[in-house]
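I have placed the structure first, in the form of structure tokens, so that the comments after it can refer back to it.
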Amino acid sequence: MMTTTILGRAFRSASVLAFSLVAACGQVLGIEDALVDPTFTTSGEASVVPPSCSAYCDEMASSCGDQQSQYADEFQCLAVCNHLPAGTLGDPTGNTVSCRLARAAAAATASENDLEFFCREAGPGGDGACGAPCESFCSLMMAVCPPTHTAFSYPDVDACLGDCEALPQVPYAYGDQVLSGNTVQCRTFYAGFAAQGASAECERARGVSVCVDPSSEAPPPAE
């Protein structure tokens with residue numbers, strides 16, 4: 001099983017690298033307009049061109065819809081993307097928009113068996129390919145629920161990572177259907193809503209309510 005997982009990830013990484021090489025060639029040829037936001041500025045070198053959130057979210061909507069959806073809607077995708085490190089177009093690594101764009105683009109031609117993996121890797125959690133789940137969650141959480149703006153926050157990123165890494169490790173796929181449960185995927189989902197300006201969702205993203213073990217939730221008041 002482990003060998004199958006490793007081989008599957010290696011194959012997906014090769015597919016993403018192929019897309020990234022095409023994107024890099026596009027920069028040289030000056031045909032990257034469909035992937036690059038013209039409002040971004042660069043140093044003049046093609047190698048530092050950042051990816052576009054609009055291109056990323058368009059690709060996610062096209063390649064990772066229905067059961068593979070990673071966001072509630074396009075507005076949430078754009079809101080989360082705006083809080084992610086941009087990265088460099090053609091570099092499919094790290095907790096960046098660039099990495100996620102490459103995974104989303106690869107999902108467009110992925111087999112049915114690989115589609116869910118590409119979409120999870122392209123989503124806000126990164127799924128270990130575009131950032132570890134806790135790295136991705138805490139990066140977003142500290143940006144959208146900072147200590148200066150809400151009581152439901154972490155004092156610093158180390159506290160967030162420590163809390164996150166203590167969560168139960170379960171085979172739980174990220175998707176917009178992740179509405180409850182004591183998992184990092186649930187917390188990431190509600191951090192996505194907080195990114196849209198819904199600061200009340202920080203309580204759920206912090207694991208104070210909803211994203212908790214069902215057995216630990218207080219019973220409803222007696223009538």
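Brief remarks on what is shown
- Unmet requirement for SER111, which otherwise passes all of (1) small (Gly, Ala, Ser); (2) loosely packed, with under 14 Cβ neighbours inside 10 Å; (3) in the same structural domain as VAL210 (by TED's automatic domain parsing): (3)
- Residue in segment 81-93 that is modelled with pLDDT under 95, outside the structural domain of SER69 (by TED's automatic domain parsing) and touching an Asp or Glu at 6+ places or on another chain (Cβ under 9 Å) present: no
- Annotation for segment 193-200: at least one member residue is surrounded by fewer than 18 Cβ atoms within 10 Å (Cβ to Cβ), within 26 Å of GLY87 (Cα to Cα) and not basic (Lys, Arg).
- Test for LEU101: is it modelled with pLDDT of 95 or more, under 18 Å from PRO51 (Cα atoms) and in contact with a helix residue (DSSP H, G or I) (Cβ under 8 Å, 6 or more places away or on another chain): yes
- When GLU59, GLU116, GLU135 are checked against the criterion of being part of a helix (DSSP H, G or I) and under 22 Å from ASP163 (Cα atoms), a single residue qualifies: GLU135.
- Residue within segment 97-105 that is part of a loop (DSSP other than H, G, I, E, B) and either outside the structural domain of THR188 (by TED's automatic domain parsing) or touching an Asp or Glu at 6+ places or on another chain (Cβ under 9 Å) (or both) present: no
- Any hit, segment 153-163, residues being acidic (Asp, Glu) and surrounded by 22 or more Cβ atoms within 10 Å (Cβ to Cβ): no
- Failed criterion for THR93 (all others in (1) in contact with a helix residue (DSSP H, G or I) (Cβ under 8 Å, 6 or more places away or on another chain); (2) of a type in the set (Ser, Thr, Tyr); (3) not in a loop (DSSP other than H, G, I, E, B) hold): (3)
- Filtering segment 60-80 to residues that are aliphatic (A, V, I, L, M), modelled with pLDDT of 95 or more and closer than 15 Å to TYR174 by Cα leaves MET60, VAL80.
- Subset of segment 138-189 (residues that are assigned to a helix (DSSP H, G or I) and either at positive phi or polar (S, T, N, Q) (or both)): SER139, GLN185, THR188
The values are calculated or read from the model by the stated rules, or taken from the named source; none is laboratory data. A quick note: this is a predicted structure, and the numbers were derived from the prediction, not measured. For neighbour counting, all protein chains shown are included, and Cβ atoms are generated from backbone atoms with ideal geometry for every residue, glycine included.
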